[in-house]
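Trainee: Next up is a structure, given as structure tokens.
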Amino acid sequence: MNHWLIKSEPDVFSIHDLAKAKKQTTHWEGVRNYQARNFLRAMKHGDLALYYHSNAEPSAVAGIVEVVREAYPDPTAWDPKSDYHDPKASPENPVWSMVDVKLVEAFPRQIPLEELRGIKALAGMELLRRGSRLSVQPVTAAQFRTIRLLASKRPAGRP
């Protein structure tokens, strides 16, 4: 099993929106970066991903999802009415992919980016690299476990 991190702006689609979705499942469409797309294509059924709220105050890991459908063509790419339209894409040349994810858990507390930066075990994490903007990225099993453990604890300095 591989582990991943996927980013969504909470005002676009938050983990709480996913919790309210039919079967707590959604398709992860709109990825328009080739490296991120390739990571989507590498995802396997049953892989787990950290759900990250980006461009938020604060940006934070909000929970965990499971890949329930492996990569398939993203039809928003060839829909001219879609925010994710790409004129180079078509049903014959799909270019972009998406996966389906299902909520596993919304963390009892979200783990802010600044807190993650202070954890030695996460030092090599892609998310923590300056300038890392990928919306889909790999996470090691150890990093995944560390974040899951952090989510179950109170932050330092709080009762």
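The values are calculated or read from the model by the stated rules, or taken from the named source; none is laboratory data. All values reported here derive from a predicted model rather than from experimental measurement. Positions of Cβ are generated from backbone atoms using ideal geometry, with glycine treated the same way; all protein chains shown enter the neighbour counts.
Trainee: Suppose the filter is within 26 Å of Gln110 (Cα to Cα), modelled with pLDDT of 95 or more and more than 13 Å from the chain's Cα centre (by Cα); does Lys7 pass it?
Mentor: Answer is no for this residue.
Trainee: Continuing with this model, one more query. Could you grab me the full set of residues in region 118-148 that are part of a helix (DSSP H, G or I) and either over 18 Å from the mean Cα position of the chain (by Cα) or among the acidic types (Asp, Glu) (or both)?
Mentor: Narrowing region 118-148 to residues part of a helix (DSSP H, G or I): 120-122, 126-128, 141-148.
Matches in region 118-148: Lys120, Ala121, Glu126.
Trainee: A further question on this structure: Out of Arg133, Arg109, Arg117, Arg129, report the one residue that is closer than 17 Å to Val65 by Cα and basic (Lys, Arg).
Mentor: Result of the check over Arg133, Arg109, Arg117, Arg129: Arg109.
Trainee: One residue is enough: does region 116-125 have a residue meeting the conditions surrounded by 13 or more Cβ atoms within 10 Å (Cβ to Cβ), modelled with pLDDT of 90 or more and not hydrophobic (A, V, I, L, M, F, W, C)? Working first, answer last.
Mentor: Quick first cut of region 116-125, residues surrounded by 13 or more Cβ atoms within 10 Å (Cβ to Cβ) only: 116, 119, 121-122, 125.
Add one more test, that the residue is modelled with pLDDT of 90 or more, and what stays is 116, 119, 121-122, 125.
Now drop any that are not not hydrophobic (A, V, I, L, M, F, W, C), which leaves none.
Checked region 116-125: no residue is surrounded by 13 or more Cβ atoms within 10 Å (Cβ to Cβ), modelled with pLDDT of 90 or more and not hydrophobic (A, V, I, L, M, F, W, C).
Trainee: Search region 20-62 for residues being among the aromatic types (Phe, Trp, Tyr) and either without any contact (Cβ under 8 Å) to a residue 24 or more places away in the chain or within 20 Å of Ala106 (Cβ to Cβ) (or both), and hand back the single one that is surrounded by the fewest Cβ atoms within 10 Å (Cβ to Cβ). Spell out the reasoning first.
Mentor: Going through region 20-62, the residues among the aromatic types (Phe, Trp, Tyr) turn out to be 28, 34, 39, 51-52.
Those still in the list that are either without any contact (Cβ under 8 Å) to a residue 24 or more places away in the chain or within 20 Å of Ala106 (Cβ to Cβ) (or both) too: 28, 34, 51-52.
Working: Trp28: 23, Tyr34: 10, Tyr51: 27, Tyr52: 26.
Among those residues, the one meeting the criterion is Tyr34.
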